[in-house]
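After the structure tokens below, expect a handful of questions from me.
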Amino acid sequence: MLILTMDNIKNKHYKDMNLRILIYLNPSNINKVTHKFNLNSDSGFIMVTKGIDALNEISNNHYYILVPTNDFDWKFPENVSIIKYPYMNDALNNRYHFDSLFLSNIFSTYRHDIDLCWTMLPENVANLKAFFSKRREEIPVFCYSNWLQNSNSNYEPSYKWRTIEGAVDCNAFGYQSNHMLDYMKDNTFKGIDIDYSKFHRITPKTDLIDISDSVVNGKIVFNHRISADSYFNDMLEIIKDDLILPLWVTNINNSVKINHNLVEYNNIKKREDYFKELKKVRFGISYHIGYSMWSMSVIDLMICGKVVLVPRLNAFIEMFGEDYKYFFDDKKDFLEKFNSLQTVNEGELLLWGAYNRERAENLFTWNVLAEQLNKIFKNIITKKTTKKTKSVLDVINKRGKISKQELINLNLTDYGRMCSRAWNKTRIELMRDFGVKDDVSKTETIFYSSNTEITKDTLF
């Protein structure tokens with residue numbers, strides 16, 4: 001049994017607040033033939049779900065996640081509301097799509113609170129701000145960019161301006177790598193007055209898995225999407241005559257046909273099975289020699305204690321460090337090091353695999369992400385106060401427990417039967433300064449007093 005009193009919540013400020021967070025995804029892993037979403041292999045969705053699991057170890061929030069499909073493996077916890085949202089089944093068009101009517105029908109200002117929004121689409125920051133404004137709410141938006149349009153793309157001009165708009169309007173902006181930030185400064189934001197103090201480097205993460213059963217066998221892996229951006233065909237053309245070990249390709253699309261007797265296709269659906277197989281490979285390859293901001297797939301190999309042959313370009317230097325042995329500089333260098341890795345002794349592979357594992361443990365695990373996000377979330381919520389808070393606090397203390405709908409509709413406070421723009425200030429102030437809690441196991445807001453005896457029955 002936990003008894004919350006003013007004495008044991010005093011001076012904690014933002015630490016123990018129960019925030020309600022709306023998450024707007026950027027679902028981009030879409031089968032080009034069937035047009036179905038594959039959230040299990042979607043890096044943005046993985047970041048959100050793994051991030052929430054890690055955040056639940058250090059905070060107590062409620063998350064509303066807008067998903068395109070319920071077909072995923074994640075066993076979401078009780079403090080998560082999964083909401084099927086009509087995303088476009090096209091990654092590019094999703095950057096323009098926004099269904100405010102759908103959101104209005106889902107979220108009621110009289111029942112639901114949203115303290116901040118986390119969006120994976122910079123292009124939708126302005127839409128979200130407008131939606132909240134129409135609800136008479138001033139909600140901060142954290143924008144995380146897990147993709148930046150190539151300046152050479154035919155689509156870039158319009159997306160560029162939407163990205164600029166998002167970076168200007170958001171309250172905090174997350175980017176993947178210093179390479180990405182440099183690219184944005186030199187291209188996307190060049191000549192634009194941007195407040196970089198709200199920018200945060202948040203590198204993608206991966207699972208801290210047990211590798212005690214890891215082995216080095218004779219299989220090579222290319223665990224990236226087969227696309228123009230991954231340069232798979234270019235890579236295969238270089239190695240096809242020198243390939244003496246099986247090459248496992250993990251993420252193909254149905255439009256790709258590869259004719260080589262040593263290339264294996266195994267598009268594993270479950271993440272646990274994917275890591276199980278990664279732990280068995282000899283080494284991995286990334287041939288992202290063009291436009292690339294980061295590689296989740298490479299981090300997956302690093303955490304498995306595997307050597308990865310990567311270009312000395314883009315964000316790979318940040319990922320592996322300057323002293324990493326298996327960078328390649330050109331086609332000739334790539335082929336030489338590729339052939340070396342096919343035949344080198346196991347001790348060499350284990351040595352540099354251990355180097356990669358240690359680096360990934362320290363920099364690229366979900367607990368690191370959770371600490372980063374928690375700090376950002378607490379920093380961007382409102383710090384304002386309002387004179388109306390006292391009347392709400394009196395009612396909550398008198399009732400012990402009351403829903404937002406009851407609080408507003410019963411005309412018990414200075415707010416009367418409606419919320420005003422001051423409501424968000426009141427809500428945060430109640431939790432921050434007076435220890436009021438919100439039952440995050442419930443989809444709708446339910447406040448309870450800091451003096452209320454909280455039991456399992458009370459909460460759930």
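Can you tell me which residues in the range 73-87 are surrounded by 15 or more Cβ atoms within 10 Å (Cβ to Cβ) and part of a loop (DSSP other than H, G, I, E, B)?
Matches in the range 73-87: Trp74, Phe76, Asn79, Tyr85, Tyr87.
Which one of Val249, Val256, Val298, Val281 is over 26 Å from the mean Cα position of the chain (by Cα) and modelled with pLDDT of 85 or more?
Val281
Which of the numbered conditions does Glu322 fail, given that it passes all the others? Conditions: (1) part of a loop (DSSP other than H, G, I, E, B); (2) free of Cβ contacts under 8 Å to residues at least 60 places away in the same chain; (3) within 30 Å of His35 (Cβ to Cβ).
Unmet for Glu322, out of (1) part of a loop (DSSP other than H, G, I, E, B); (2) free of Cβ contacts under 8 Å to residues at least 60 places away in the same chain; (3) within 30 Å of His35 (Cβ to Cβ): (3).
Taking the range 116-136 only, how many residues are within 18 Å of Thr382 (Cβ to Cβ), over 18 Å from the mean Cα position of the chain (by Cα) and surrounded by 18 or more Cβ atoms within 10 Å (Cβ to Cβ)?
Total meeting the criteria: 4.
Right, here's the next one. Within the range 351-371, how many residues turn out to be out of contact with any helix residue (DSSP H, G or I) (no Cβ under 9 Å at 6 or more places or on another chain) and crowded, with 16+ Cβ neighbours inside 10 Å?
Result for the range 351-371: 1.
Considering Asn187, Asn217, Asn178, which residue is in contact with a Ser or Thr (Cβ under 6 Å, 6 or more places away or on another chain) and either closer than 14 Å to Met293 by Cβ or touching a residue at least 24 places away in the same chain (Cβ under 8 Å) (or both)?
Answer to the check: Asn187.
Consider Lys375 against the criteria (1) under 26 Å from Leu22 (Cβ atoms); (2) of a type in the set (Lys, Arg); (3) in contact (Cβ under 8 Å) with a residue 12 or more places away in the chain: it satisfies all of them except one. Which criterion is unmet?
(3)
Hey, among the residues in the range 315-329 that are touching a Lys or Arg at 6+ places or on another chain (Cβ under 7 Å) and surrounded by fewer than 17 Cβ atoms within 10 Å (Cβ to Cβ), which one's farthest from Val298 (Cα to Cα)?
By that ranking, first place goes to Asp329.
Out of Asn345, Asn339, report the one residue that is of a type in the set (S, T, N, Q), free of Cβ contacts under 8 Å to residues at least 24 places away in the same chain and surrounded by fewer than 21 Cβ atoms within 10 Å (Cβ to Cβ).
Answer to the selection: Asn345.
Failed condition for Arg421, given (1) surrounded by 15 or more Cβ atoms within 10 Å (Cβ to Cβ); (2) in contact (Cβ under 8 Å) with a residue 12 or more places away in the chain, with all others met?
Failing condition for Arg421: (1).
Is it the case, given these coordinates, that Ala360 is free of Cβ contacts under 8 Å to residues at least 60 places away in the same chain, of a type outside the set (S, T, N, Q) and assigned to a helix (DSSP H, G or I)?
No, not satisfied.
Hey, among Asp241, Asp234, which residue is surrounded by 13 or more Cβ atoms within 10 Å (Cβ to Cβ) and closer than 19 Å to Lys331 by Cβ?
Asp234
Which residue, of Gly305, Gly284, is crowded, with 16+ Cβ neighbours inside 10 Å, over 16 Å from His224 (Cα atoms) and touching a helix residue (DSSP H, G or I) at 6+ places or on another chain (Cβ under 9 Å)?
Exactly one residue qualifies, and that residue is Gly305.
Among the residues of the range 325-338, write down those that are outside any loop (DSSP other than H, G, I, E, B) and over 21 Å from Tyr291 (Cβ atoms).
Lys332, Leu335, Glu336, Lys337, Phe338
The values are calculated or read from the model by the stated rules, or taken from the named source; none is laboratory data. Keep in mind it's a predicted model, so treat the numbers as computed, not measured. Positions of Cβ are backbone-derived with ideal geometry, glycine not excepted, and every protein chain shown enters the neighbour counts.
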